[in-house]
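To keep things clear, I will list the structure first and then write my remarks on it.
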Amino acid sequence: MGMDLQIETIAAARGRQTDMSSDTPRICIVGAGMSGLLMAIKLKEAGIESFRIFEKADTVGGTWRENTYPGLTCDVPSFFYSYSFEPNPDWTHRFPPGHEILAYFERVAEKYDLLKYISFNQEVASARYDDGTWSIETAAGETMTADILIAGCGPLHKRLYPEIEGMERFEGAMFHAAAWEHDVELGGKRIGVIGNGSSGIQMMAPLSKVASQLTMFQRTAQWVVPLDNRKYSERQRSRKRRFPILGKLTRRFYQLVYETFSVAVTENGIWRKIIARQCRDNLASVADPDLRRKLTPDYVPMCKRLVISGDFYPTLTKANVELVTDGIQEIEARGVRTIDGTLHELDILVLATGYVPYAWGIDQVVGPEGLSLKQAWAQGSRAYRSVGMPGFPNFFMLVGPNSPIGNVSLIDVSEVQAAYIIQCIDRLREKKTKAMAPTMEATRAFHKSVLSAMDGTVWTTGCSSWYLDEDGVPVTWPWSAARFHKEMRQPDFSDYDLVES
Ligand code: NAP
């Protein structure tokens with residue numbers, strides 16, 4: 001298998017990692033999104049200020065900076081989608097609007113005085129490990145020599161643009177959901193949305209309120225679970241301001257709920273049945289049999305990432321909204337032509353077509369033997385326990401391959417990983433250890449156990465989704481969130497190649 005070959009290649013690098021000479025290591029973090037900012041805070045807490053963050057854009061916030069589409073909401077509860085150490089009493093809703101999340105990260109960056117560590121507009125172009133250090137260069141020409149490299153780029157990083165015949169001929173406005181063009185007037189326009197993932201579905205209700213005609217082009221039906229997004233009253237918010245413990249308790253409550261619920265994707269038990277039932281009941285609430293038939297998926301609920309929306313089905317029943325399930329034949333100057341020959345005339349076309357799965361934005365990271373992560377991952381992204389790669393010394397990832405990335409809080413996941421990485425850095429700072437990378441054996445054993453556990457998960461029950469790599473193997477954590485917390489509590493250094501002085 002390809003990975004084995006790569007592992008052998010990487011194995012040649014073992015034992016050649018060299019010096020990390022200071023107890024205040026120089027650290028490069030890639031990305032100033034949720035996980036990069038978190039890592040910076042944790043480094044400061046550990047007494048390390050010798051780090052720099054390279055951020056490709058001109059502000060912090062990652063995905064919450066990129067995404068500004070109408071209706072953007074996080075479908076993880078606000079109190080759980082917050083750092084555990086930084087509760088926010090001012091969330092206005094159970095599920096937070098995108099702009100509140102972005103404002104939260106901007107506030108956190110200021111409060112923890114992180115801006116001075118960030119080089120903005122500096123996309124990392126290459127990072128190469130040689131002679132015991134990482135040499136990092138950005139596309140704009142900034143360079144850094146670091147002892148440790150930490151990637152916080154996220155798994156859904158690169159927009160996926162569909163390849164549809166005639167796209168260049170469209171005469172209206174056309175843009176990706178994650179690159180919303182706010183100067184395009186929506187009022188009274190005929191708007192088309194290609195894609196019905198979480199992004200496409202979330203924008204339907206707000207767009208339906210302004211568009212003269214709204215058409216969703218659906219390729220594959222989605223299971224949808226309706227959860228009410230209740231508003232927090234000013235009284236509730238002021239109570240949380242006065243008693244911060246309430247915010248922490250709310251977070252803990254949702255953490256327990258989600259830990260319980262996350263078992264539904266990994267085990268074929270009662271929780272899977274309960275959630276599947278909720279999806280089916282929701283679908284049954286669609287009164288029009290023809291619409292219901294179009295909306296009925298042919299796979300098991302949660303095989304694709306579950307969409308949470310209480311307003312999607314009602315929106316589809318509005319007079320100015322249409323769900324089109326005939327395949328797209330081509331895009332023409334005036335709209336989208338489907339295979340039944342119909343031309344759906346449009347003024348605006350939104351591409352809610354998602355992301356290139358697992359394009360981590362760190363392909364250009366190169367280990368001591370000249371092997372890049374792109375090459376190492378040619379047969380699919382694999383990592384050691386979501387944080388490390390064999391043959392890539394002193395390199396760590398946040399939300400790397402095999403992180404738990406179902407309907408969970410990636411902040412919770414990142415906090416576990418950041419705490420793990422800090423323990424690795426502590427070991428490096430003890431000077432006894434100059435460099436570390438997970439061993440081939442440990443990585444291979446981990447991957448084997450991941451593969452055998454995947455059989456029981458819902459992701460392998462037969463659907464196409466971004467959870468799967470090219471071989472149809474989910475790049476996720478096949479066990480419970482609770483197990484992730486437990487297993488990642490502390491590194492097992494016997495799984496690492498350690499270069500001791
Ligand atoms: P997505 O889930 O990957 O959905 C992409 C959609 O575009 C799918 O319906 C796909 O159809 C369709 N599509 C892609 N290429 C197409 C083509 N050539 N022709 C027709 N249809 C095409 O993307 P997303 O909605 O942006 O969501 C991605 C992920 O981001 C989510 O799963 C979630 O993890 C995250 N997200 C989270 C939230 C949140 O609230 N936390 C909100 C938005 C996004 P097929 O299904 O047939 O492939």
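The values are calculated or read from the model by the stated rules, or taken from the named source; none is laboratory data. It should be emphasised that the depicted structure is a prediction, and the values quoted were computed from it without experimental measurement. Ligands, DNA and RNA are excluded from the accessible area calculation, which covers all protein heavy atoms including side chains. Shrake-Rupley method; radii C 1.70, N 1.55, O 1.52, S 1.80 Å.
Ignoring ligands, DNA and RNA, what percent of the 1.4 Å accessible area of the chain is carbon and sulfur?
Working: 10310 of 20630 Å².
Exposed carbon and sulfur together represent 50 percent of the surface.
Just to confirm my numbers, what's the Cα centroid distance between the range 367-382 and the range 134-173 in Å?
That distance is 18 Å.
DSSP H helices in the chain with Cα extent of 18 Å or more along the helix axis and mean Kyte-Doolittle hydropathy at least -1.0? Don't skip to the end; give the middle numbers.
Working: long enough: 98-111 (20 Å, -0.35); 198-210 (20 Å, 0.48); 244-266 (34 Å, 0.37); 270-284 (21 Å, -0.36); 410-429 (28 Å, 0.57); 440-454 (21 Å, 0.17).
Long hydrophobic helices here: 98-111, 198-210, 244-266, 270-284, 410-429, 440-454.
Using a 1.4 angstrom probe, figure out how much accessible area the range 423-490 has per residue, in square angstrom, rounded to the nearest whole.
Using a 1.4 Å probe on heavy atoms only, each residue of the range 423-490 averages 44 Å².
Mind listing P(r) for the range 52-112? All alpha-carbon pairs, 10 Å bins, whole percents.
21, 54, 23, 1
For the range 61-160, what mean projected area does the convex hull of the alpha carbons give, in nm²? Spell out each step's value before the answer.
On the way: hull surface 33.4 nm².
With the hull built on Cα positions only, its mean projection is 8.3 nm².
Over the range 366-480, what is the relative contact order in whole percent, taking alpha-carbon pairs under 8 Å and six or more residues apart?
It comes to 29 percent, rounded to a whole number.
Rounded to whole Hz and in sequence order, give me ³J(HN,Hα) for the range 372-384 from the Karplus expression 6.51 cos²θ - 1.76 cosθ + 1.60, θ = phi - 60°, writing x for Gly and Pro.
8, 4, 4, 5, 4, 9, 4, 9, x, 6, 10, 8, 8
Mind pulling the per residue volume of the convex hull built on the Cα atoms of the range 237-297? Å³ is fine.
With only Cα atoms used, the range 237-297 gives 119 Å³ per residue.
Dividing the convex hull volume of the alpha carbon atoms of the range 366-419 by its residue count, what do you get in Å³ per residue?
74
Please go through the residue pairs K44/K158; K189/K231; K448/K486; K158/K209 and name each one whose alpha carbons sit more than 23 Å apart in this structure.
From K44/K158; K189/K231; K448/K486; K158/K209, over 23 Å: K44/K158; K189/K231; K158/K209.
5 Å is the cut-off here: which amide hydrogens, built 1.01 Å from N in the peptide plane, fall below it relative to T215, excluding neighbours closer than 5 in sequence?
Under 5 Å from the amide H of T215: I191, G192, V193, E322.
Taking only protein heavy atoms into account and a 1.4 Å probe, give the accessible area per residue of the range 224-359 in Å².
So the range 224-359 comes to 51 Å² accessible per residue, rounded to a whole number.
Along each principal axis of its Cα atoms, how long is the range 139-181 end to end? Whole angstroms, biggest number first, please.
The principal-axis extents, from largest down, are 50, 24, 20 Å.
Report, as a whole number in µm² per second, the diffusion coefficient that Stokes-Einstein gives for the range 401-457 at 37 °C and 0.692 mPa s using the Kirkwood radius over alpha carbon pairs.
240
Over the Cα atoms of the range 168-219, each weighted equally, I'd like the Debye log10 I(q)/I(0) at q = 0.19, 0.21, 0.28 Å⁻¹, rounded to two decimals.
The Debye formula, applied to the Cα set alone, gives -0.65, -0.80, -1.40.
Calculate the all-directions average of the projected area of the range 369-480's alpha-carbon convex hull, and give it in nm².
If you wrap the Cα atoms of the range 369-480 in a convex hull and average its projections, you get 7.6 nm².
With 37 Å as the cut-off, how large is the P(r) tail for the chain, expressed as percent of Cα-Cα pairs? Walk me through the numbers on the way to the answer.
On the way: 38433 of 125250 pairs.
Distances greater than 37 Å cover 31 percent of the Cα pairs.
So if the hydrodynamic radius of the range 80-135 is defined as the Kirkwood radius over C-alpha pairs, what does Stokes-Einstein give as its diffusion coefficient at 10 °C and 1.306 mPa s, in µm² per second?
111
Aspartates and glutamates near K434 by alpha-carbon distance under 20 Å, same-chain residues fewer than 8 away left out - which ones?
Of all the aspartates and glutamates, those that pass the test against K434 - Cα under 20 Å, at least 8 places apart if same chain - are D19, D23, E49, D130, D131, D147, E369, D426, D492, D495, D497, E500.
Okay, helix-only estimate at 222 nm for the chain: each DSSP H run of n ≥ 4 adds -39500 (n - 2.57), divide by all residues, round to 500 deg cm²/dmol; what do you get?
Working: 14 runs with 157 residues, N = 501.
Only helices count here, giving -9500 deg cm²/dmol.
Compute the normalised compactness of the range 73-224: alpha-carbon radius of gyration over 2.2 N^0.38 Å, N being the residue count.
Its radius of gyration relative to the 2.2 N^0.38 Å reference: 1.37.
Name the long-range amide H neighbours of A151: under 5 Å, sequence gap of 5 or more, or other chain; modelled H, no Pro or chain starts.
V30, F396, M397, L398
Taking Rh as the Kirkwood radius computed over C-alpha pairs, what is the Stokes-Einstein D of the range 262-372 at 20 °C in a medium of viscosity 1.002 mPa s, expressed in µm² per second?
Values: Rh = 18.1 Å.
Rounded to a whole number, D works out at 119 µm²/s.
Whole-Hz Karplus ³J(HN,Hα) for the range 167-174, in order, using 6.51 cos²θ - 1.76 cosθ + 1.60 and θ = phi - 60°, x for Gly and Pro?
3, 5, 8, 4, 9, x, 8, 9
In whole Å and largest first, what semi-axes does the C-alpha gyration tensor of the range 416-492 yield when each eigenvalue is scaled by 5 and square-rooted?
On the way: eigenvalues 180, 38, 23 Å².
Ellipsoid half-lengths, sorted descending, are 30, 14, 11 Å.
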